[in-house]
Structures are given as C-alpha cells and as structure tokens.
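In what follows, a single structure is set out as structure tokens and then discussed.
The values are calculated or read from the model by the stated rules, or taken from the named source; none is laboratory data. Because the structure is predicted, anything quoted here is derived from the model rather than measured. Neighbour counts are summed over all protein chains in view; Cβ atoms, including those assigned to glycine, are modelled from backbone coordinates with ideal geometry. Only protein heavy atoms, including side chains, enter the accessible area calculation; ligands, DNA and RNA are left aside. Shrake-Rupley method; radii C 1.70, N 1.55, O 1.52, S 1.80 Å.
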Amino acid sequence: MRTLNLGILAHVDAGKTTLTERLLFSAGAIERVGSVDAGTTQTDSLDLERERGITIRSAVASFLVGDLAVNLVDTPGHPDFIAEVERVLGVLDGAILVVSAVEGVQPQTPRLFRALQRLHVPTLIFVNKIDRAGAGPERVLGEMRRRLSPGVVPIGQPLVTSGQQQETLLLEVLAEHDEAMLRAFVGDDAGITSARLHAQLAEQTRRGWIHPVYSGSAANGIGIEPLLKGVDELLSGARGDPAAGVSGRVFKIERTPAGERVAYVRLFAGTLRPRQRVQVGGGDDAKPTSIKVFAPTGAPRRDIVTPGEMATVRGLGTVRVGDAIGEPPPGEDVSARFPRPALEAVVFPIRAEQGGSLRAALNQLAEQDPLIDVRQDDHRHEISVSLYGEVQKEVIQATLEREYGIAADFRETTTVCIERPAGAGEAEEVINAKTHTNITGRSSPQSTNPFIATLALRIEPAPFGSGIAFRSAVTDVRLIPLYLFHTTDTFATQMEAYVREALAEGLAGWQVTDCVVTMTDCGYMSPASSPSDFRRLTQLVLTRALDRAGTWVCEPLADLSLEMPSSTAPGVLAMLGRLGGRVSGQFSAGGISRVAAVLPVARVRTLQHQLPGLSMGEGILESRPDGYQPIGDDPPTRPRSGVSPLDRDAWLASLAKRG
Ligand SMILES: Nc1nc2c(ncn2[C@@H]2O[C@H](COP(=O)(O)OP(=O)(O)OP(=O)(O)O)[C@@H](O)[C@H]2O)c(=O)[nH]1
Ligand SMILES: [Mg+2]
C-alpha cells in the first residue's frame, strides 16, 4: 500500500483542525464530526487545546483514500508554536496549505509556503470558510497569485464553473513548464486530451511547480470530496529501500503518564522492528520496546515499520525531537529555518521547595520542544526559558501546573540578543611540552596548557542567518585522535558539538552565531588525551579567538502587521516612528488600513499597550521575530551561567570544583 505523510499548515484559525476532522470523516475514519468549538476533535486532544480552541502540538491521524494510506499531521498555526511546525516539515511527502476565504493571505501564510517550497514539499491549497460573510475566493486567489506563486491554479467549483474554463486555466499554468502544453495553449496543437492534462497536473504538482487550489467550507463539509480526490491523484508518498540500513527522524516526543518517552518517528529507509538495535541521534544504541505503526482505522495493527511510514516508538532511551534513528536521513538539516525565539523570562516556583522539580519539569518540556532553551544561572540560582510569545508562556505555566503540579510564575519578559563576530580571530594551545611529548613536535612556550590536547581554532563572520558552521582544515590524519573518536568524521562531528557548546555564551553573554569556525591544528597524546580535554580546550581556545575577533551585539527585530481604522492610521504610524519602527508596506481600503513594519522586539509591547488608545480600540497587531540588527551604543549584556574561560584561573578553579 502507498503511504502519504500529509501536513496541514496555515496561519492561526484558518481551519486546519476543522479540515482535518472533515477529511477523517469523509474518508470514513471517524463516525461523527467533532468540532474545535466544542473541544471534540481528534487532533486537538490536549485539555489545554480543547479549552482554548487552538492547536498547540502537532498530532497525527490516519485515513484511507482509494488505495492510499494517509497520515495527516495537523499543526498549530499560532506563531508562538512555530517550532512545532518546523520539525514536522522534514517528514512530509505533501501538504495542504489552508487559507481563509475571508482573511486571505495572512502573515504566516507566505512563510509557511516558502518553507514548503524550500523543502520541495508538493502543496495543495484549500481556500476555507467560503460560507462566511465577506468570503471572496476570487480575491484570495488573486492575492495568492501575487504573494505566494503564479503557479496557483483553481480546480473545480466555485472558482471554476465549466470544463472549458478549467482546461484553459490548467493549460495556461502548465504551459509555463512544459513545451507540449505551451504549444496547446498557443493553439498550435488542439489534440491535448484531458488525460494528458491531468497527468501533467499531477507531474507538475509533485515537482512543486504548481499548486492546485480547492475551496470550500471545512465547518460545513463543502468541497471536501474534490480535495480528497486531489490528495489521492496528485500527491504520492516517497518510497525507500526496506532492505537498506534503518534511517528515520523523530518529529515529536510525548510522555506517558508514567513518564516514559514516546517518540514519533518517520522512517525513510530500512525496516524497524521491536527489540532491534538502532543508533539514536548519532549517539548510543537503543532497542525499541514497543512500536505502533500509524495505519487507517480497520487496518491490522503492525509493529514493523517500513519506509515511508510513521510510528510511535517506545524504549529509545534519552531520545530527543529531531534525532535521527539509525543513519541520518538525507536532506537539509532541520535547524535554522524559522527565526529563534526572541524573548526569555525567568521562571520561579511559587513555593520555594519546588525549585528542584521545576528544573526537572522544564528540562522535560525542553526535550519535547528543543526551542524551549532552559538556562540555568548558577550565580543567581535562576532558571530562564526562551519564548516566542505570551501565549506560549501561558501554555508553559498551565502545563507545569497540570502535568507536574508545580505552581510557577514568570518575571518580566526580556529580549534575547545574539552576538556576531566583528572580524576574524584565531587562538591556539599546544600540548604542554614539559610533561608530554607533542606529536606535532612543537611545544607550548609557557607550558600553561591545562589540557592534554593541541588545538587551534579560527572564527570568522558569516552571512546573516547562516548559523554556525564548523570546518576542519586538518588534513594529516596522524593528528587526529582516532583512538578516541574512531573516524575523522566522528571527530569532526564531536568537535562541532563542542564548538556549538562553547559559542552558547559570547563576550557579552549572548549566543554567538552567523560564523564559521575552522580547526587549523590539533594533536593528542595516546592514551592520556580524553574527549574532555578536547571539549574544555575548545571552550578555552574558541573564547580567546572570539575575544580577538570582537563581537557585535544584535537585537531581535519583529515583523509587524497592523490593522486599524484608516482615520486612526496617522496617529499609529507616528507612534511607530517614535519607537524606531520602519514601515515596509501600507494599504487602505474600505476604511481599514493595513501596515507592515519592522520594529525591535523590545518595543513591540509598548506599541501593543498604546494601540487600543490610538486606534479607538480597534487596532490589531500581530508580530513575529524576523532578523536582527546591531546595537551600536551601550549594548546589553547577559550574566553568564558560569565563569568565562577568559578569566582563566577562576574558570579552571570552577571546573575543578565541578569535578
Ligand atoms: N464559518 C466557518 N468557520 C470555520 C470553518 N472552518 C473553521 N471554522 C472556525 O474557525 C475557528 C478556527 O478553526 P480551527 O479548525 O481551530 O483552526 P486552526 O487552523 O486549526 O487553528 P489553530 O490550530 O489554532 O491555528 C473555529 O471556531 C472553527 O469553528 C468554516 O469553513 N466556516
Ligand atoms: Mg488547529
């Protein structure tokens, strides 16, 4: 049987969960249609989701259409939970992008569409809510042509009213990518059969060149059958080799009430069975204790996963979201796609004695959500978490209370800056020549290297948004401690992990990013050198190199979309200007003005507070992190979580104390 892993993505409230419910119902997977408003849907199953009527975690539900088994992944649309969408993207074979027929293309829509395009995920579009007053599917189609892709092509009612019109519309779009279609379109070839057209439609959809647009109402079950037909005929699952080595990816982690981790895995190649030994996240091996393959209702329950399928797997030890199972699947690294959280807040227990359990609970939440970065400040004994926004903060607070019985509160939310190297810097430590013989034959002049390893690192700035890249320029394999790391590749992978760890706190205490770190020399002494020598030396050498390079502290920017009565726009724009905002687009119609702008995240809250007064209570503001800008004067610093390696003696003393 073919399996298709199909994501449903959209801006918040467009109707993803409602559509998921309808698709499950129409395909016969459920007997009754649940509703988001009554808290009875399949995929919004958490108490918090049901109460709030929003999706917080992605969820999988399966159904059968024709001979195609579909694993539907319903995702959250609220920008605070974008991390959840990010990790689903890498395991999809296809997607349905939902767009409201009333609100049209919303801020999150083009972002999600671009991410799908980047990953070559074939995408159908569903224009939802055509039953509502103010619905304008034609208008929304025009918006999508302009803002998403010229390759959107409407299929069927109500956007297309006749077979003749459908053929013309299809030919026009298909002709962009196909010679034969072009000839037919310009009238040189009258003989294109509808079967040929259909085959081209499927081909170009799978290649991600064009995007068939369906429309209807998820709430009222209109337009669902044609969409299901489109899923069956235009999308297809990927096939992998069941005889190859196991290769899969974990896209979600859940915990059972007893605390056991349940990993949601999509398999790309190989065959995974219970009790079969597999490598988890490039680290230790584990043996799944139980496996449940996702399958449409009525299909036999299986515990052997084949390529293209999804399963929940228990017994994978300390597995984390994003981990590879077995060989890492090919394709792009899942990180660095959407902007990182731009906010953080200190969390404290209301009852002081719950400090320890709070820390443990937050660490568990961070396992499920790698973007919840939990920082422990050893000086002040404080824990802070990184955040996308207020809704996420409320959800964390409620989760701590309900699932862990911990009453916790947050101090004021602050922005998270980053540091970028201002130039290039290099540093080196050679194995102490007095006590050890350095295989490179050189010796450290002052013999001060406290670790049994040689290391030289260079750090240089890299393009904005590029993250951290690590390269090794060491070509002489004799310099590489193979007795510790087995292969040159594992050594490089491990060094990269040490480099990332060392860059977690830069000169001003912020995470260092957008840089290339090159290892220009290394050395060891067998059998005295240990991985810990390389890890510690990386911290020491890299911090020194960074100190020489210098850094720019950069503050996060927010991409804003504002909506207000046009009569109030001048006042709102004036305030935006005073706060240092930059308008990037403006549009007025029917007495309403829409403004797109960029503003430092730190000032979004001020605008939020002023907006009701400035807009007669009718202004709407949405914001999400988007990029950074250097702060010239007096950049903020963040207290380090421990002693800086630049303060060498104190740092060494603190290491000795930690043991
Ligand atoms: N009138 C109308 N309302 C709809 C339709 N589809 C969904 N809704 C309503 O729109 C609201 C949001 O629907 P959801 O299905 O929760 O939207 P979502 O995209 O899953 O929302 P998030 O997961 O929170 O991003 C609910 O009140 C639905 O009842 C529709 O076709 N017509
Ligand atoms: Mg939802």
- Message: On C-alpha positions alone, give me the angle between the axis of helix 194-206 and the longest principal axis of the chain, in degrees, nearest 10.
- Response: 20
- Message: So if I take the centroid of the Cα atoms in region 278-357 and the same for region 478-555, what is the distance between those two points in Å?
- Response: 27
- Query: For region 65-124 and region 230-256, what is the separation of their C-alpha centers, rounded to whole Å?
  - Reply: 16
- Task: Rounded to whole Hz and in sequence order, give me ³J(HN,Hα) for region 24-33 from the Karplus expression 6.51 cos²θ - 1.76 cosθ + 1.60, θ = phi - 60°, writing x for Gly and Pro.
- Result: 4, 5, 4, 7, x, 7, 10, 8, 10, 8
- Query: Could you give the nm distance between label points at LEU48 and GLN397, where each point is 7 Å from its Cα heading toward the beta carbon?
  - Reply: 1.2
- Item | Where Cα atoms sit under 28 Å apart: lysine pairs in the chain separated by 8 or more or lying on different chains | 11
- Once TYR388, TYR404 are ranked on solvent-accessible area with the largest value leading and a 1.4 Å probe, the list reads TYR404, TYR388
- Task: Express the accessible area of the chain per residue in Å², computed with a 1.4 Å probe while the remaining protein chains stay in the model.
- Result: 44
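Using Cα-Cα distances under 8 Å and only pairs 6 or more residues apart, what relative contact order does region 539-623 have, in percent?
On the way: 119 pairs, mean separation 32.6, N = 85.
Computed over region 539-623, the figure is 38 percent.
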- Note on the structure: Under the rule rounded for a/c under 1.5, else prolate if a/b exceeds b/c, else oblate, using alpha carbon gyration tensor axes a ≥ b ≥ c, the chain is classed as prolate
- Note on the structure: Any residue on another chain or 5+ positions along whose placed amide H is under 5 Å from the amide H of SER593 is listed here as MET564, SER566
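Determine the calculated [θ] at 222 nm for the chain from helices alone, applying -39500 (n - 2.57) to every DSSP H run no shorter than 4 residues and normalising by the residue count; nearest 500 deg cm²/dmol. List each step's numbers first, then the result.
Details: 17 runs with 189 residues, N = 659.
My calculation for the chain gives -8500 deg cm²/dmol from helical runs alone.
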- Item | Computed FRET value (nearest 0.05) for THR289 with GLU254, which takes r as the C-beta separation and R₀ as 22 Å | 0.90
- Which net charge results for the neighbourhood of LEU576, defined as the other residues with beta-carbon distances under 10 angstrom from its beta-carbon, given Lys and Arg at +1 and Asp and Glu at -1? +3
- Message: Quick check: with the 1.4 Å probe, what order do THR413, THR493 take by accessible area, largest first?
- Response: THR493, THR413
- Message: How far apart, in nanometres, would the label points at GLU225 and HIS486 be if each is projected 7 angstrom from Cα along the Cα-to-Cβ direction?
- Response: 5.7
- Mind listing the long-range amide H neighbours of ASP323? Cut-off is under 5 Å, sequence gap 5 or more, other chains count too, H placed in the peptide plane at 1.01 Å from N. VAL250
- Roughly what % antiparallel, to the nearest 5, for the DSSP beta bridges in the chain? 75
- Note on the structure: A 1.4 Å probe over the protein heavy atoms gives the chain a carbon and sulfur accessible-area percentage of 50
- Note on the structure: Between ARG582 and ALA243, the FRET efficiency computed from the C-beta separation at R0 = 51 Å comes out, to the nearest 0.05, as 0.35
- Message: Restricting to Cα pairs below 8 Å that are 6+ residues apart, what does the relative contact order work out to for region 239-356? Please round to a whole percent.
- Response: 30
- Message: For a test of the definition: using alpha carbon positions, the gyration tensor, and the 1.5 limit on a/c, classify region 304-424 as rounded, prolate or oblate.
- Response: oblate
- Task: Show the residues, 5+ positions off or on another chain, whose built amide H is closer than 5 Å to the amide H of GLY77.
- Result: ASP13, THR55
- Query: Using Cα atoms only, what is the angle between the long axis of helix 137-147 and the major principal axis of the chain, expressed in degrees (0 to 90) to the nearest 10?
  - Reply: 40
- Over the chain, what relative contact order in percent results from Cα pairs under 8 Å that are six or more residues apart? 9
